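A.B. asks: Sharing a structure, written as structure tokens. Questions coming.
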Amino acid sequence: MPERWWERAVVYHIYPRSFADANGDGIGDLPGIVSRLDYLEWLGVDAIWLGPTFPSPNADWGYDVSDYLGVHPDLGAPADLERLIVEAERRHIRVLLDLVANHTSDRHPWFGDPEKRDWYVWRDPKPNGSPPNNWRSAFGGPAWTFVPERGQFYLHNFLPQQPDLDWWNEEVRAAFDDILRYWFDRGIAGFRIDVAHALVKDPLLRDNPPARPTDAPSWQRIGQRPRYNVGLPDAADVHRRWRRVAREYDPERLLLGETYVLDLDALMQYVVPDGLHLCMNFPFLHAPFEAGALAAVVAETERRLPSWATPLWHASSHDDPRFATRWCAGDEELARCALVALLSLRGATILYQGDEIGMEAVEVPEERRRDVAGRDRCRTPMVWADVEGAGFTEPGVEPWLPIGPRDRNVADQRDDPGSILTLTRDLVALRRHRGLLTGAYEPVEAPPGVWAFRREGGALVALNLAERPARLDGVEGAIVLCTDRSRDGALVRGALDLAPRQAVVASVS
Ligand code: NOJ
């Protein structure tokens, strides 16, 4: 089968409120994104995934949708989105929207519509008046809210303002088919599917078991293992249904799932024929930035993926602190290594806005915080230039979230051949234009602290994540790209030497 565009795509994740503010109100918007498309074309990305663009009361910053066919007025008008899709296409950049299907806003007309009562999960209290079961919301607190006028509780895996839809209801499934078609008809290339792993809940609403001391911090925080409200395999039926809709179009539309599960067993439930095209790999994101741990999770992912499946990698998002901070503690050499890894692995990769300049998570003072779940520090505005407003907004305008340090910025890095931005661009070009970074992933034995692998197309990728120099024996070839750009082009005869925190892509015989 010929390669499909997304099989080695670089998807650039834009958080629209924080990317570029064209109208000077301190909030990023769609015209702002249009104004930066030339930059994204220059960077070489294949697609952009826009965080939520729909009208929303913003209890969860767009992830509480009140109208699936509209555009949030903070971001622009429907015509602005149409223009963005057209302008992106002119630059060969595809547009993915963020489909929030697990829940709506409590202000969505469906929620108040008596005829759509069964579209949500309403249940009677227990005889003692307590909620129907023990499920906890991902943000803490019970996953049930009581409505006295109705005498019932409704389910919400997230905030009370985000009532969960009942995905066992055929009418809900049909309504979303239409939403998908509405946007596919408008020329988007596909959707990133929010909460793709938890759309369908246990129909018996069984209690979740308690968390164990060895469980992930997110489970310990809520005190339980979300066995019955998160990560059920039944969500794959919904994905398959959407895939049929995606196939009605030519080219077929893409379904990229936020499969936020913490182990590969759970992830593989969604890697099914005719389901999602791409599944986000959170075990990779959550792995420590150590050679052994990363090599292990990648090898295991590769081992378990069926031959037809494509891996998808990412290390930063609007939910999880940026890798430049989380993995690299601000060290630029390590951030360069992370970019080499992300862009050399087999499959598709998501870069989050700012990853390409080594942007870090920003401490947001308490009085400026906006998010209920403490995620503001990975949502601060993009740093375009070292000027007041950072090129994100006009000088003198207070941005909706504070702007972090401006020393790493696009303007300074763009024409600097040694910059992290140039490195990112060169890596993107390398994966696109030369065959080296194609084909199977093959682990290579390496000294402690070094993660090395080959790509069938002829690349050897070696990352020394340790604090001491390392040597990889048995390498003949040439360095195509090194995080220290002065080594680009150097020949390697027998042994590849790596400085501490240095990564290399070599062409090997
Ligand atoms: C995942 C989104 O990325 C996150 O920002 C949001 O809070 C939850 N889903 C709920 O929609």
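The values are calculated or read from the model by the stated rules, or taken from the named source; none is laboratory data. What you see is a predicted model; the values in this text were computed from it and never measured. Glycine also receives a Cβ, built like all others from the backbone with ideal geometry; neighbour counts cover every protein chain displayed.
Conditions tested, residue by residue: (1) touching a Phe, Trp or Tyr at 6+ places or on another chain (Cβ under 7 Å); (2) within 16 Å of the ligand (Cβ to nearest atom); (3) on the phi > 0 side of the Ramachandran plot; (4) not basic (K, R).
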site: G187; (1), (2), (3), (4): no, no, yes, yes
site: R192; (1), (2), (3), (4): yes, yes, no, no
site: L199; (1), (2), (3), (4): yes, yes, no, yes
site: R206; (1), (2), (3), (4): yes, no, no, no
site: P213; (1), (2), (3), (4): no, no, no, yes
site: P217; (1), (2), (3), (4): no, no, no, yes
site: R221; (1), (2), (3), (4): no, yes, no, no
site: R225; (1), (2), (3), (4): yes, no, no, no
site: N229; (1), (2), (3), (4): yes, yes, no, yes
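A.B. asks: Please find, among V95, V100, V172, the residue that is surrounded by 13 or more Cβ atoms within 10 Å (Cβ to Cβ) and more than 30 Å from G32 (Cα to Cα).
C.D. replies: V172
A.B. asks: Just give me the residues in region 80-102 being among the acidic types (D, E) and within 16 Å of the ligand (Cβ to nearest atom), in sequence order.
C.D. replies: D98 - this is the single residue of region 80-102 that is among the acidic types (D, E) and within 16 Å of the ligand (Cβ to nearest atom).
A.B. asks: Name the single residue, out of those in region 43-79 being of a type in the set (S, T, N, Q) and farther than 30 Å from T424 by Cβ, that is farthest from the ligand (Cβ to nearest atom).
C.D. replies: Filtering region 43-79 for residues that are of a type in the set (S, T, N, Q) and farther than 30 Å from T424 by Cβ, the one farthest from the ligand (Cβ to nearest atom) comes out as S66.
A.B. asks: Can you tell me how many residues within region 303-331 are in contact (Cβ under 8 Å) with a residue 60 or more places away in the chain, farther than 16 Å from L343 by Cα and outside any loop (DSSP other than H, G, I, E, B)?
C.D. replies: The number of residues fulfilling the criteria is 0.
A.B. asks: Take the residues in region 261-302 that are closer than 22 Å to L339 by Cα and within 16 Å of the ligand (Cβ to nearest atom); name whichever of them is surrounded by the fewest Cβ atoms within 10 Å (Cβ to Cβ).
C.D. replies: H286
A.B. asks: Being more than 16 Å from the ligand (Cβ to nearest atom) and in contact with a Leu (Cβ under 9 Å, 6 or more places away or on another chain) is the filter here; which residues of region 146-171 pass it?
C.D. replies: The answer is D166, and nothing else.
A.B. asks: Let me ask you something else. Among residues belonging to region 1-45 that are aliphatic (A, V, I, L, M) and more than 28 Å from H277 (Cβ to Cβ), point out the one that is nearest to the chain's Cα centre (by Cα).
C.D. replies: A20
A.B. asks: Is it true that G347 is at pLDDT 95 or above, more than 16 Å from the chain's Cα centre (by Cα) and of a type in the set (G, A, S)? Quick ask: steps written out before the conclusion?
C.D. replies: Working: at pLDDT 95 or above: yes; more than 16 Å from the chain's Cα centre (by Cα): no; of a type in the set (G, A, S): yes.
It is false that G347 is at pLDDT 95 or above, more than 16 Å from the chain's Cα centre (by Cα) and of a type in the set (G, A, S).
A.B. asks: Could you please find all residues in region 384-423 being of a type in the set (S, T, N, Q) and either assigned to a loop (DSSP other than H, G, I, E, B) or under 18 Å from A324 (Cβ atoms) (or both)?
C.D. replies: Listed by number, the residues that qualify are N409, Q413, S419, T422.
A.B. asks: A further question follows. Spot the failing condition for P55; the list is (1) touching a residue at least 24 places away in the same chain (Cβ under 8 Å); (2) more than 20 Å from the chain's Cα centre (by Cα); (3) under 25 Å from G374 (Cα atoms), and only one is missed.
C.D. replies: With (1) touching a residue at least 24 places away in the same chain (Cβ under 8 Å); (2) more than 20 Å from the chain's Cα centre (by Cα); (3) under 25 Å from G374 (Cα atoms) applied to P55, the lone miss is (1).
A.B. asks: Let me ask you something else. Does any residue of region 158-166 turn out to be out of contact with any strand residue (DSSP E or B) (no Cβ under 8 Å at 6 or more places or on another chain) and assigned by TED's automatic domain parsing to the domain that holds Y63?
C.D. replies: no
A.B. asks: Across region 186-226, which residue is surrounded by the fewest Cβ atoms within 10 Å (Cβ to Cβ) among those that are without any contact (Cβ under 8 Å) to a residue 60 or more places away in the chain and of a type in the set (D, E, K, R)?
C.D. replies: If we take residues in region 186-226 being without any contact (Cβ under 8 Å) to a residue 60 or more places away in the chain and of a type in the set (D, E, K, R), then R212 is surrounded by the fewest Cβ atoms within 10 Å (Cβ to Cβ).
A.B. asks: State the number of residues belonging to region 9-60 that are assigned to a loop (DSSP other than H, G, I, E, B) and of a type in the set (D, E, K, R).
C.D. replies: Of the residues in that region, 6 qualify.
A.B. asks: Looking at region 433-509, what strands (runs of 3 or more DSSP E) fall wholly within it and have at least 1 residues that are surrounded by fewer than 22 Cβ atoms within 10 Å (Cβ to Cβ) and in contact with a strand residue (DSSP E or B) (Cβ under 9 Å, 6 or more places away or on another chain)?
C.D. replies: On the way: elements: 441-444, 450-455, 459-464, 470-482, 491-498, 502-508.
Strands (runs of 3 or more DSSP E) meeting the threshold: 441-444, 450-455, 470-482, 491-498, 502-508.
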